[in-house]
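Every number in this text was worked out from the coordinates using simple rules, so none of it is lab data. In this text, all values refer to a predicted model and were calculated from it rather than measured experimentally. Don't worry about glycine lacking a Cβ; one is built from the backbone with ideal geometry, like all the others, and counts go over all protein chains shown.
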C-alpha cells in the first residue's frame with residue numbers, strides 16, 4: 001500500500017492486486033483526511049474490501065463457480081471418506097439435485113430454493129432428512145473452502161414425521177410384553 005497527499009487535507013491510499021481472471025495487475029484507491037497509523041489501518045481495510053468485491057473472492061477463492069463444478073471436487077473427497085455403497089447412494093441422490101441446480105452459481109442457491117426443492121418432491125420424511133444431510137455436507141464443504149459466506153441448509157425447516165396409532169402398534173408388535181419376556185427368561 002502507498003499513498004499520495006492531495007491538497008491540504010486529503011490523502012489518497014492505493015493498493016495494487018493481481019486479477020487472476022484477466023491476468024492483469026490492477027489498482028484500487030480510497031481517500032481519507034489523514035495519514036496517521038490509524039488512518040492507514042482504516043485505509044488498508046477499505047482497500048482490502050474493495051479488492052475482495054472486485055475480484056469477487058473470499059479468502060482468495062472464486063465465488064462464481066457453478067454447483068456442478070464444485071460437486072466434482074466435493075465427491076473426490078467424499079469418495080475417500082465413505083464406504084463404496086454409501087458413496088454411490090449419495091452420488092445418485094446428488095445427481096438428481098445437480099439436474100435442477102447444476103447450472104446455478106453456488107452463491108445464488110438460497111435456503112428458500114432448497115426448501116422448496118425438498119418439499120415439492122413426494123419423498124418420505126426419512127428420505128427428505130437423508131437428502132438434507134447430503135446437501136448439508138456439500139454446502140458445509142463450500143462454506144469451509146470459501147465458495148459461500150454461509151451454509152443455506154442450516155436455515156431449512158423440514159416437517160416432522162406424523163405418528164399415528166397404526167404405526168405405533170406396528171412397532172410394538174416387534175417387541176415382547178413384560179409377561180412374555182419373563183416367560184422367555186425363565187425358559188433360559
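Numbers below:
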item: Options 11, 28, 92, 67; residue that is without any contact (Cβ under 8 Å) to a residue 24 or more places away in the chain and at negative phi; result: 92
item: Residue within region 147-163 that is buried (at least 17 other Cβ atoms within 10 Å of the Cβ) and assigned to a helix (DSSP H, G or I) present; result: yes
item: Count of region 90-110 residues which are exposed (fewer than 14 other Cβ atoms within 10 Å of the Cβ) and within 17 Å of residue 133 (Cβ to Cβ); result: 3
item: Residue within region 9-28 that is part of a helix (DSSP H, G or I), exposed (fewer than 13 other Cβ atoms within 10 Å of the Cβ) and within 36 Å of the chain's Cα centre (by Cα) present; result: no
